[in-house]
């Protein structure tokens, strides 16, 4: 694990920057990048489309100002509906071309009911076949642009539950985004996934889960944004996910890819004062990861 921390970046959603409709306040780019840099983070995802400058030279210049490497970005796509196939392939092409020009690596696909309404449609075999065929189409696009596609299991998407995730693994050869939090909420065991499907991982999103809030989400008492506001995703090491076991399994098995800290927040009470707000959770997560590196070194 000698280079473990050098392979740890973060995502803007740890500061509340999110693609989901109506998520909350989007903090200024300079504040987020400055706080990340001051914590020693040198790699970041794009966040919601348009949060960073879309123009590739402007985006690179902004990231360079803070010594940041671009990891990639989260891309919601509708892939189950043949009526939207051409539209979605064109969207994937535009995003992939832009991401590659910005020197990103990971095209993180979220398969949604609609980009503006993350509903979960009823899925029959034909819809699943359409989804996997279109996923192959996105994979071809990503390959042409030198990107790694990683399908993101995620609450409120079409790959949410452990059964849906297993169907993805069995029906497609694309890589996945190993999100320890969303997989846990969906009913999968994160340590087992780390052990059994290491070769299918494109990128790791490190996320912890508060068990009591997750139960309220699963029961339908809370939606995803309300659950996030209620503390669904605490700082790493402070929830129910066995992140020590996950990272030990990955690193011990030869995983040498990126980890992305995701302590999702949704800001609905205005911008927090300097040195307060989401940065505190990211700092605590980094402290936890540093303690793991020290523990494994011993």
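Being surrounded by 14 or more Cβ atoms within 10 Å (Cβ to Cβ), under 28 Å from residue 149 (Cα atoms) and either under 19 Å from the mean Cα position of the chain (by Cα) or without any contact (Cβ under 8 Å) to a residue 40 or more places away in the chain (or both) narrows it down to one residue among 267, 232; which is it? Before you say what the answer is, go through the steps one by one.
Numbers: 267 fails: under 28 Å from residue 149 (Cα atoms).
Of 267, 232, the one residue that is surrounded by 14 or more Cβ atoms within 10 Å (Cβ to Cβ), under 28 Å from residue 149 (Cα atoms) and either under 19 Å from the mean Cα position of the chain (by Cα) or without any contact (Cβ under 8 Å) to a residue 40 or more places away in the chain (or both) is 232.
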Quiz item: Residues in the range 239-248: is at least one on the phi > 0 side of the Ramachandran plot and either without any contact (Cβ under 8 Å) to a residue 24 or more places away in the chain or part of a helix (DSSP H, G or I) (or both)?
Solution: no
Exercise. For residues that are surrounded by fewer than 16 Cβ atoms within 10 Å (Cβ to Cβ) and out of contact with any strand residue (DSSP E or B) (no Cβ under 8 Å at 6 or more places or on another chain), tally how many sit in the range 94-125.
Key: 13
Practice problem: Could you figure out which of (1) in contact with a strand residue (DSSP E or B) (Cβ under 6 Å, 6 or more places away or on another chain); (2) surrounded by fewer than 17 Cβ atoms within 10 Å (Cβ to Cβ) isn't true of residue 276? | Solution: (1)
Quiz item: So residue 35 clears everything in (1) in contact (Cβ under 8 Å) with a residue 24 or more places away in the chain; (2) out of contact with any strand residue (DSSP E or B) (no Cβ under 8 Å at 6 or more places or on another chain); (3) more than 28 Å from residue 119 (Cβ to Cβ); (4) surrounded by fewer than 22 Cβ atoms within 10 Å (Cβ to Cβ) except one condition, right? Which one?
Solution: (4)
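Kindly establish whether residue 27 is closer than 28 Å to residue 233 by Cα, in a loop (DSSP other than H, G, I, E, B) and under 17 Å from the mean Cα position of the chain (by Cα).
no
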Quiz item: So which residues in the range 236-246 are in contact with a helix residue (DSSP H, G or I) (Cβ under 6 Å, 6 or more places away or on another chain) and crowded, with 20+ Cβ neighbours inside 10 Å, if there are any at all?
Solution: 236, 241, 246
Quiz item: In the set 54, 41, 17, which member is assigned to a loop (DSSP other than H, G, I, E, B) and surrounded by fewer than 16 Cβ atoms within 10 Å (Cβ to Cβ)?
Solution: 54
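Since every read-out is calculated from the coordinates, none of them should be taken as a lab result. These figures come from a predicted structure and were not determined experimentally. Neighbour counts are summed over all protein chains in view; Cβ atoms, including those assigned to glycine, are modelled from backbone coordinates with ideal geometry.
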